[in-house]
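Q: Here it is, the structure in full.
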Amino acid sequence: MTTVAQLVDKTTQFIRDQVIPVEREIVVDGRVMDDALRLELQKKAKEAGVFGPLSDPRYGGLGLDTRDQARVLEAAGASLLGPLAVNAWAPDDGNIHLLAHVANPEQQERYLAPLAAGEVRSAIAMTEPAPGAGSDPGMLQTVAEETDDGWIINGAKHFTTGAQGAAFTICVAQTSDGPTMFLVDQDNPGLKVGRRMPTLDHTSAPGGHCEVAFVDCAVPDSAVLGAVGQGLVLAQVRLAPSRLVFCMNWLGLAVRAHHLAIEHISTRQSFGVPIADHGLAQGLVADNEIDIAAARGVIRTAAETIDEQGPTSSQARHDASIAKTFVSEAVWRVLDRAVQLHGGLGVCEDYLVARFLVEARAFRIYEGPSEVLRWSIARRALRNR
């Protein structure tokens, strides 16, 4: 039986040998991250025995708990393409977890099984253009009206990650009984995928972040995920694990950038000595070490809470919010220092730390902006005083 330590080693080797060699093509040279490359990398991940850290073994996954996922996904996150290669990247990561806990057996067979196996991609349509829902789900404008044959969905979404080329989209729409989740096949004529939005993060996610419209989109009753009116409650099943997966993946990239910076300053000289001998450079290295260690600590705490109390417990949501807020900002600081330690070369994309920094900026917004999470963290602390 493979231990977690062995799995981490295997993942590290897979990223080094199979993923990083093609990373520059996407990150620097401008090759489009398409499904052909995704499937190629995932095939190699399966052959290496590192595919599916978030999935159940019956779908070809590794069956890890959240604490073990933290160690494995940090290793996978050493490349921008790594989480995608092992099938642990947004939005599929959260959708796998949601479907595993909420979908009925028929929905699991139709949607979860191929998604967890890496055969297809998915999307989730929650965020809307103003005045619709963003950080405040109570502003939901997309509506679903019940008919004799099922439901008719109408509304506009944007930042629908992975919509181009997805097999299905989980749409959150308002009903007379409250927000509800619907499984919508991508070939449904009422689902219109619009433009791919030109965001800062554009190298690692096939399908992009898209504008999506639901125009008289007819779905049957069997498309309802969970129960009618329970959409926001069900979203909590997805939220804490998804936030934590983001943290695990991005921490791995920060660790790699830190090591690249150490290597750089150890081989370059200024004023007659290696840059690594200068006290100010050592201060940046030390601060990176502190941020990385602290980030691992808050991830570990949240992972333990999810495993012991479940993802929807108040404490799990609280700990995941703390982790997402701290780690997103710590990762940014580590990457920014790595750029600084590279000097002028740090802002050149020949050196990957520049692209890492740009790609990571959205981490402080996606899955909850730091400001909203701080508000949530404070409210819970004040309630418990």
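The values are calculated or read from the model by the stated rules, or taken from the named source; none is laboratory data. Note that the structure is a prediction, hence the values are computed from the model and not measured. As a convention, Cβ positions derive from the backbone with ideal geometry for all residues, glycine included, and neighbour counts pool all protein chains shown. Remember, those area values only see protein heavy atoms, side chains included, never the ligands or the DNA or RNA. Shrake-Rupley method; radii C 1.70, N 1.55, O 1.52, S 1.80 Å.
Q: Over the stretch 154-254, consider all pairs of different Cα atoms and compute the Kirkwood hydrodynamic radius from their mean reciprocal separation; express it in Å, one decimal.
A: On the way: mean 1/r = 0.0671 Å⁻¹.
It works out to 14.9 Å.
Q: Moving to a separate point now. Please give the FRET efficiency for residue 43 paired with residue 16, using the beta carbon to beta carbon distance and R0 = 22 Å, rounded to the nearest 0.05.
A: 0.80
Q: Let me ask something else. For the stretch 83-155, how big is Rg over Rh, using alpha carbon atoms and the Kirkwood form of Rh?
A: Working: Rg = 14.9 Å, Rh = 14.2 Å.
Value, to two decimals: 1.05.
Q: For the stretch 315-385, what is the accessible area per residue in Å² when the probe is 1.4 Å?
A: 46
Q: At 222 nm, what value in deg cm²/dmol follows for the chain if DSSP H runs of at least 4 each add -39500 (n - 2.57) and the sum is divided by all its residues, to the nearest 500?
A: Rounded to the nearest 500, it is -15500 deg cm²/dmol.
Q: How long is the gain from residue 145 to residue 25 if the chain were fully straight, where each residue apart is worth 0.36 nm and the alpha carbon distance is subtracted?
A: My answer for the length gained is 38.6 nm.
Q: What does the extension gain come out to for residue 361 and residue 308, with contour length at 0.36 nm per residue minus their alpha carbon separation?
A: 15.9 nm
Q: Hey, another quick one. How high is the relative contact order of the chain, in percent, with contacts defined as C-alpha pairs under 8 Å that are six or more residues apart?
A: The normalised contact order for the chain reaches 16 percent.
Q: Pop the C-beta distance of residue 218 and residue 104 into the FRET formula with R0 = 22 Å and round what comes out to the nearest 0.05. Working shown, then result.
A: Working: r = 20 Å, r/R0 = 0.92.
Efficiency at R0 = 22 Å is approximately 0.60.
Q: Rank-order 149-158, 250-259, 212-221 by packing density, defined as the average count of other C-beta atoms within 10 Å over each peptide's residues, highest first.
A: Per-residue Cβ counts within 10 Å, averaged per peptide and sorted highest first, yield 250-259, 149-158, 212-221.
Q: Right, here's the next one. Which of the lysines could a cross-linker bridge to residue 10, judged by Cα under 28 Å and excluding same-chain residues fewer than eight apart?
A: 43, 44, 46, 324
Q: Something else: Which lysines have a Cα lying under 20 Å from the Cα of residue 192, excluding residues fewer than 8 positions away in the same chain?
A: Cross-link targets: 157.
Q: Please report, as a whole percent, how much of the solvent-accessible surface of the chain comes from carbon and sulfur atoms (probe radius 1.4 Å).
A: C and S atoms contribute 53 percent here.
Q: Further question on the same structure: How much accessible area per residue does the stretch 193-264 have, in Å², with a 1.4 Å probe?
A: 35
Q: Then there is this: Given [x] 66; [y] 49; [z] 53, which label gives percent of Cα pairs over 27 Å apart as computed from the coordinates?
A: Entry [y].
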